[in-house]
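Here it is, the structure, as structure tokens.
The values are calculated or read from the model by the stated rules, or taken from the named source; none is laboratory data. Remember, it's a predicted structure, so these values are computed and weren't measured experimentally. Positions of Cβ are backbone-derived with ideal geometry, glycine not excepted, and every protein chain shown enters the neighbour counts.
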Amino acid sequence: MDVLTLIAKFGIYFIFAFTLSAALLSVTVQNIFHAALGLAFALMGVAGVFFVLHADFLGAIQILLYVGAIMILLIFAVMLTSHIGDASVHTSNRQVYPAMILSLLLVYLLVRQIGKVTWQLKETLTSIDAVEIGKQLMGPYVLPFEIISVVLVVALIGTIVIARSDS
Amino acid sequence: MIPLNHIVVFAVLLFAIGLFGTLTRRHVVGILISIELMINAANINFIAFSRYTKASPEVGQIFAVFIVVLAAIAAAVGLAIVVAIYRNQKTIYTDEIDILKW
Amino acid sequence: MEKLDQVFVHLKAAIVHLAGSFLPDWLVVIISILIPIVGIAMFGPVTMMYLTLIERKLLARIQNRLGPNRVGKFGLLQPLADGVKMLTKEDVVPTNADKIAHFLAPILIVIPALLVFAVIPFGRNMIAIDLNIGVLFFLAISATTTIFIFTAAWGSRNKFSLLGGMRSVAQMISYEIPFVLSAVPVFLITGTFSTAHIVEAQPGLHWFVWTPWGFVGFLIFFLCGVAECNRTPFDLPEAESEIIAGFHTEYSGMKFALFYMAEFMNVFTVSGLVVTLYLGGWQGPFLPSWIWFLIKTYVLILIMMWFRGTFPRVRIDQLMNFAWKFLLPLSLVNILATGVWYYLRAPLNFLISGLIVVIGFSFLMFVNRHSLPKKRIYRYA
Amino acid sequence: MYGFGVLKGMAVTFKNFVQSYFVKDRMVTVQYPEERLPEKERFRNFPFLIYDGTPDNLRCVACDICAKECPPKCISIVREFDAQGKPLKRPKIFDIDFTVCMNCGICEEVCPFDAIYMDHEFEIAEFGRFNELQYTKERLLKPEEYFRKIRPTDATRIAEERRKKEEKKAAAAVAAPSTTITPPPPQSK
């Protein structure tokens, strides 16, 4: 077994580890700005997983929308709300241990179930490119596409109404 | 290629981390961050199943795109609410926002 | 001619062949992957170093000065001297800075700047990876720069930095939208995101810029690119006369140099993308393909520097008005004009899509007539 | 038509760029260490002490007026005494601290003996901060010819005035040679 196959086989586990540690960081660190940075890295890791799964278009969308737009919104919210000096405020509540137990229980149950299921796997893995997604979006899925556009517009207007000051 | 189960387990772990964050964070923005993690875990499942299983290959990707858009909407509206709350209450710690009316 | 055109491709093949004669196969594959990476990693910083020199020389000549001419002939060693100066400077970290963010930002900001080189086609067969989502990859990766700029601004814990970061985020998010939308006509016509295929769709001198939609798209894309690189006249994030240096006020020495490097590499890659999308990439008669690409790219870079020597900085409300009230609607009109172009025949399509663009432009000018800058007459000056 | 103002501005800078290579008048920059602008006669910077003929024969009589008038007090003068302890009309130490001197030229104006003048010297940078910038008498001394060279107008005017004064004095000495003891002329110690 040479290096290339090793990389191809186990490279994704490094991405997994990177993503999970960034995600853990983003839910545990005290400084909320560092949490947002951790989320940015976790999202990039997820985009990496998408690239490995040959969903290039979605990986690009993930980076463009999540890292480029949603993260900016989050960071803006951090900046608009928290005072610059109060990085040391205790940012987690008293339910840390119950929450941990609950999460681990969820992981245990789901993993046990996943082990039992037999998936209906394809013989050959397929990957589809952006052109195909575009055709599908304009063809059979045009209604959900339109609805999501309307929802987006409504949400934008609603956001402006909520965030506008009352003056 | 790695087995499908590993990817799904990874998604479960990411979801559990998100859940843990949602339950423990006091900071509203922290909760939003955790929710984004959970949404991403769901998205990974969509992509993985669209690549591995016999379901139609486009559906997973198309709905993953929809989910990303919805996540963006959720973030935008959520953060607008955060800013509005902060303007009125001068705090964004969930345990301090405890009145129903102001 | 054919030899010269493919000289770098042959060079890479020769190196791989040489390596293949005595190394195991997997190492050869890794080497063949590494060659473009090493090439880019060398090309990027060297380009950046000499862009600083070119910029200083050009600005100096515009202002009737001489520019740097002490270190080496015509100041050609000036970038090296600057590098030595940067390396030996003290690395100052503010006491109250967010140490992690302050340390990470300059390192992280170089990564997207280098990554986007991967999808720029430098010449025929000269592209690091031909992703089938090439342009989208470029746009996505360059969008992450915003976060790192903001990390730097936040980590410095300085009012000027934070103001610069705020401005930067507002500006880059605003200009991202017309930036992406003005690239859409090219996708509509070529039906692909791949940069290599987009270049192949513009053979010879049939560049997209010669069509009505191409011309408008080129202008919008180029202006938004200038704004994305934080260059004058859109350099509000680092406006020296207002907020010192914006987000990199608190950086010194090599960290500052990294910010500078990222900025200049962004200038190069954005110009390269404009060339790829609208100016036919490496297509052109007589000269080897990579020379054509470099000529076009450097012309655009020089135009950016020319802008810097000419225009004053715009105000923040003018900046936002320009993006949201003018560029965004115009790029939407441009998409319509592209659709018309696609479905009509040869002489008619030029006429009608040109008409749509002109009408759209005039209409937008009419709608925006109140936010246009007034002509000022200085009576007592 | 919109947009042409932008092009007009760019045309202006382009003209500047191109003409900077061809039109000599545009490039006003002087490559300083190699080529220099001619020094203006009335340029004044940093004082020097003047002597006639040999360095022993300096005009300064150590009267201390310049040191008293100097606004930042950068001049320090110590009078010289002979073997009998009798004060001589010449300075033993005459120091100017360049770190303090502000090149105002008041010393030149107040000197009644035309002994101190402002120089054209401006390349006074040194590698040290203390002794290197402390100008002693030896470093300050410059011949009268140098003064004539750098400020010919002033030099001829002052020489003329001095000559007239001498003649007046000589005439006074001739008129009453026995009643008063002639003081030696100030420039000859």
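Find the helices (runs of 4 or more DSSP H) located wholly in the stretch C:165-228 whose residues include 3 or more that are within 25 Å of C:M305 (Cβ to Cβ), and list them.
Because the criterion is at least 3 residues that are within 25 Å of C:M305 (Cβ to Cβ), the helices (runs of 4 or more DSSP H) in the stretch C:165-228 that meet it are C:212-228.
Could you list all residues from the stretch C:93-125 that are small (G, A, S), farther than 27 Å from C:G280 by Cα and not in a helix (DSSP H, G or I)?
The answer is C:A97, and nothing else.
Taking the residues in the stretch C:52-66 that are free of Cβ contacts under 8 Å to residues at least 60 places away in the same chain and part of a helix (DSSP H, G or I) as candidates, determine which candidate is farthest from the other protein chains (Cβ to nearest Cβ).
My answer is C:L53.
Go over the candidates C:F286, C:F293 one by one and state the one that is under 28 Å from the mean Cα position of the chain (by Cα), within 30 Å of C:V9 (Cβ to Cβ) and crowded, with 20+ Cβ neighbours inside 10 Å.
Going through C:F286, C:F293 in turn, just one is under 28 Å from the mean Cα position of the chain (by Cα), within 30 Å of C:V9 (Cβ to Cβ) and crowded, with 20+ Cβ neighbours inside 10 Å: C:F293.
Assigned to a helix (DSSP H, G or I), over 23 Å from C:Q63 (Cβ atoms) and not aromatic (F, W, Y), is that true of C:I301?
Criteria not met by C:I301.
Cβ-Cβ below 8 Å, separation at least six or inter-chain, first residue in the stretch B:7-23 and surrounded by fewer than 21 Cβ atoms within 10 Å (Cβ to Cβ), second outside any helix (DSSP H, G or I) and of a type outside the set (V, I, T): which pairs?
Once the first residue is surrounded by fewer than 21 Cβ atoms within 10 Å (Cβ to Cβ) and sits in the stretch B:7-23, its partners that are outside any helix (DSSP H, G or I) and of a type outside the set (V, I, T) give B:L23/A:Q95.
If we keep just the residues of the stretch B:24-53 that are touching a residue at least 60 places away in the same chain (Cβ under 8 Å) and in a helix (DSSP H, G or I), which is nearest to the other protein chains (Cβ to nearest Cβ)?
It comes out as B:V29.
Further question on the same structure: Spot the failing condition for A:L39; the list is (1) part of a helix (DSSP H, G or I); (2) surrounded by fewer than 22 Cβ atoms within 10 Å (Cβ to Cβ), and only one is missed.
(2)
For D:S76, which of the numbered conditions (1) within 26 Å of D:E123 (Cβ to Cβ); (2) at pLDDT below 85 fails to hold?
(2)
Does the stretch C:365-381 hold any residues that are assigned to a loop (DSSP other than H, G, I, E, B), among the hydrophobic types (A, V, I, L, M, F, W, C) and surrounded by 10 or more Cβ atoms within 10 Å (Cβ to Cβ), and which are they?
Matches in the stretch C:365-381: C:L372 only.
If you don't mind, another one. Which one of these is of a type in the set (F, W, Y), closer than 18 Å to C:F148 by Cα and in a loop (DSSP other than H, G, I, E, B): C:Y251, C:Y260?
C:Y251
Name the single residue, out of those in the stretch C:190-200 being of a type outside the set (S, T, Y) and crowded, with 19+ Cβ neighbours inside 10 Å, that is nearest to C:L332 (Cα to Cα).
Out of the qualifying residues, it is C:F193.
If you scan the stretch C:87-102, which residues turn out to be among the β-branched types (V, I, T) and more than 12 Å from chain A (Cβ to nearest Cβ)?
Matches in the stretch C:87-102: C:T88, C:V92, C:V93, C:T95.
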